[in-house]
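Working notes for the structure below.
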């Protein structure tokens with residue numbers, strides 16, 4: 001019986017060490033994920049404010065934090081799919097993709113980012129919301145062509161993402177996410193169409209006013 005107690009103590013002591021390491025890693029991931037999410041969120045704000053150098057610096061910060069986190073969980077892939085890290089991955093994908101698209105560049109691939117498919121795809125769906133903000137801001141400034149460009153970007157994302165609705169077992173929320181993208185795109189299409197009509201009406205009234213002024217001066 002004494003030997004059994006000794007063996008159990010040795011065994012549980014080793015397990016305690018493993019559990020302690022897991023607890024420390026979990027705390028680290030919670031803290032680091034929050035920092036990644038904040039840096040990514042701040043980067044999106046900077047992009048909307050057209051402070052691209054600041055956005056670039058924030059994205060680099062998020063990337064550095066993410067790479068360090070990936071090193072810490074090496075060989076423990078469960079942390080890529082559960083816990084706080086998947087949300088951080090999604091936010092990072094959203095920020096970097098929005099940054100690239102804003103500059104007319106191609107979106108990053110999952111392989112380039114070393115990010116699993118689920119947070120990568122869900123991150124792409126979030127970019128559509130940022131694109132809508134660009135449309136609204138452009139319309140507010142009467143930049144119709146710029147609004148139309150961002151609407152085309154939204155439509156491109158929707159067209160690509162809707163092809164993934166088949167894979168609901170691997171992407172449980174994809175139907176809901178794509179529906180959100182569709183609704184945003186449809187509403188935005190209506191906003192742009194209405195703004196375009198108003199702009200044409202203003203131009204027609206301006207031309208009419210100029211003709212009437214010319215006729216009056218000629219008379």
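What the table shows:
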{"item": "Rounded to 10°, Cα long-axis angle of helix 144-161 versus longest principal axis of the chain", "result": "40 degrees"}
{"item": "Rounded tilt (10° steps) of 117-140 against the dominant C-alpha axis of the chain", "result": "30 degrees"}
{"item": "Counting all C-alpha pairs of the chain, share separated by more than 27 Å (%)", "result": "49 percent"}
{"item": "Spatial separation of Cα centroids for the stretch 15-78 and the stretch 141-192, in angstrom", "result": "27 Å"}
{"item": "Angle between the chain longest axis and helix 174-218 axis [Cα atoms, degrees, rounded to 10]", "result": "20 degrees"}
{"item": "Inter-label distance, nm, simple model (7 Å from Cα along the C-beta direction), residue 167/residue 111", "result": "1.4 nm"}
{"item": "Three principal axis lengths of the stretch 116-219 [C-alpha, angstrom, descending]", "result": "76, 19, 14"}
{"item": "For the stretch 1-89, convex hull volume per residue from C-alpha positions, Å³", "result": "78 Å³"}
{"item": "Alpha-carbon spread of the stretch 55-147, three principal axes, descending order, Å", "result": "52, 23, 20"}
{"item": "Pairwise FRET efficiency - residue 145 versus residue 73, Cβ, R0 = 41 Å, nearest 0.05", "result": "0.35"}
{"item": "Per-residue [θ]222 nm for the chain (sum of -39500 (n - 2.57) over DSSP H runs n ≥ 4, rounded to 500)", "result": "-28500 deg cm²/dmol"}
{"item": "Relative contact order for the stretch 1-89, counting Cα pairs under 8 Å that sit 6 or more residues apart, in percent", "result": "32 percent"}
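Every number here is computed from the coordinates shown, using simple stated rules; none is lab data. What you see is a predicted model, and the numbers here were worked out from it, not measured in a lab. Ideal geometry is used to build each Cβ from the backbone, glycine not excepted, and the neighbour counts take in all protein chains shown.
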